[in-house]
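This report concerns only the one structure given below.
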Amino acid sequence: FIGANDGFPLPAGGRQLPCCSRAWSKALAGRARSMVDSYARRGAGVVYWFLLPLPRSPDLRRMFRAINLGYQLAAAANPDDMRLIDATKTFTPHGYRNSMRVGDRTITVHQADGYHLSYPAMRIASKLVLEAMRRDRVI
């Protein structure tokens, strides 16, 4: 995960855009594309990037949605170099939730702060990455 603290104003068109408009998401996409270009090393690699699961705080949810939109725009511009892993779909498909069923047990999704993933959820997140990498025949 990267970007959960990225709700700061971004420069665009000679001014600072406050979070969380579509224009702000487009500016964030430009930054993400630059990172992906660097990490992908001109097609030698692939970047796997998580969409952020929704936090408990309504204010942070708005920011996370804008951040995720930026990543989606970046991925659309870098389809060969950037793969999105939709952690929102896995952990918070209908909005914030603190727990979820996994097989025959219930796990806590978030740590007590309602923001960071719990250890059991991080184990699931790592499996999502491995599944994506296997699908792409990277591993």
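Report yes if Leu128 is modelled with pLDDT under 95, of a type in the set (A, V, I, L, M, F, W, C) and either part of a loop (DSSP other than H, G, I, E, B) or more than 12 Å from the chain's Cα centre (by Cα) (or both), otherwise no.
No; evaluated as a whole, the condition is false for this residue.
List the pairs whose first member sits in region 52-70 and is touching a residue at least 40 places away in the same chain (Cβ under 8 Å), whose second member is in a helix (DSSP H, G or I) and open to solvent by 50 Å² or more (accessible area, probe 1.4 Å), and whose Cβ atoms are under 6 Å apart, counting only residues at least 6 apart or on separate chains?
Leu54/Arg61
Within region 32-63, which residues are over 14 Å from the mean Cα position of the chain (by Cα) and among the basic types (Lys, Arg)?
Matches in region 32-63: Arg41, Arg42, Arg56.
The values are calculated or read from the model by the stated rules, or taken from the named source; none is laboratory data. On a predicted model such as this, the values are computed, not experimentally measured, just so you know. Note that we place each Cβ from the backbone using ideal geometry, even for glycine, and neighbour counts take in every protein chain shown. Heavy atoms of the whole protein, side chains included, go into the accessibility calculation; ligands, DNA and RNA do not. Shrake-Rupley method; radii C 1.70, N 1.55, O 1.52, S 1.80 Å.
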